[in-house]
Amino acid sequence: MGCGSGGVLQEFISLDADPSKLYGVDLLHDRLRVAIERLPDCSYITANGEHLPFPSCSFDLVLQFTAFSSILDASTKVLMASEMVRVLKPGQGILWYDFVWNPLNRQTRGIPLSEIKKLFPGLQVTSRRITLAPPLTRLLVPRFQALANELTRLPFLNSHLIIWIQKPN
C-alpha cells in the first residue's frame, strides 16, 4: 500500500523475495512509473487503497510503510484498513511502518498505537518503537554515530512504529 517509487519493494527483493509475486499499489501514477522502470518484474496497480482490485484472502503479506500518516481523513483510513484485512489470507499479517509524530511535516499526521488498534479490531497487534527521530538522526549521524545508536534505545526519541498485525485463522 503506497509503494511510491518502489523503495520498499526493492528492499524485499534484496532479501530474496520473488519480484513476480510482489504487487505495488499507489494512488500516484507518476511514482508508479518510476517503480516500473526500477523494478519491471513486479506488478503494479494504480488504486486509492479504499477499493483494492484483488480477491478476498489473496495475499500472505500486506505492507504499509508511511502511507497512513499521509491520509488525513479518518473515514479513508478505516476503509483502507478494512481493505488490507480483506485481501489478507487468514492467519497472515500486515507489516506496518509509520511515524507516531513528525512536527516538521504539516501535510502528514502521525498515528498513535491506540488509533492503529482501533483500525484493526479483532486482530493481534504487536508493536515496537524504532527509528531515531529524523531531525536527531540528521544532526548526529554524520559526526556521532555511536551516540545516535545509543539514543535509539530510548523509545521516546524514536518517531516510528514497526507493527505486525495478525489476522486470525
Out of the range 51-71, which residues are within 18 Å of residue 4 (Cβ to Cβ) and either touching a helix residue (DSSP H, G or I) at 6+ places or on another chain (Cβ under 9 Å) or surrounded by fewer than 19 Cβ atoms within 10 Å (Cβ to Cβ) (or both)?
52, 61, 62, 63, 64, 65, 66, 67, 68, 70, 71
Options 116, 165: the member that is of a type in the set (A, V, I, L, M) and either more than 14 Å from the chain's Cα centre (by Cα) or assigned to a strand (DSSP E or B) (or both)
165
From 77, 89, 118, grab the single residue that is surrounded by 16 or more Cβ atoms within 10 Å (Cβ to Cβ) and modelled with pLDDT of 95 or more.
77
Filter the range 51-69 for residues that are of a type in the set (Ser, Thr, Tyr) and either without any contact (Cβ under 8 Å) to a residue 40 or more places away in the chain or touching a Lys or Arg at 6+ places or on another chain (Cβ under 9 Å) (or both) and give the result.
56, 58, 69
Identity of the residue in the range 143-155, without any contact (Cβ under 8 Å) to a residue 24 or more places away in the chain and not in a loop (DSSP other than H, G, I, E, B), that ends up nearest to residue 101 (Cα to Cα):
151
Matching residues in the range 109-142 - criterion: being out of contact with any strand residue (DSSP E or B) (no Cβ under 6 Å at 6 or more places or on another chain) and touching a residue at least 40 places away in the same chain (Cβ under 8 Å):
109, 116, 119, 122
Can you spot a residue in the range 121-142 that is closer than 18 Å to residue 56 by Cβ, in a helix (DSSP H, G or I) and at pLDDT 95 or above?
no
What pairs come up if the first residue lies in the range 79-90 and is under 14 Å from residue 23 (Cβ atoms), the second is among the polar types (S, T, N, Q) and surrounded by 18 or more Cβ atoms within 10 Å (Cβ to Cβ), and their beta carbons are under 9 Å apart, counting only those six or more places apart or on different chains?
84/64
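The values are calculated or read from the model by the stated rules, or taken from the named source; none is laboratory data. Note that this is a predicted model, so its numbers are computed, not measured. Backbone-built Cβ (ideal geometry, glycine too); neighbour counts: all protein chains shown.
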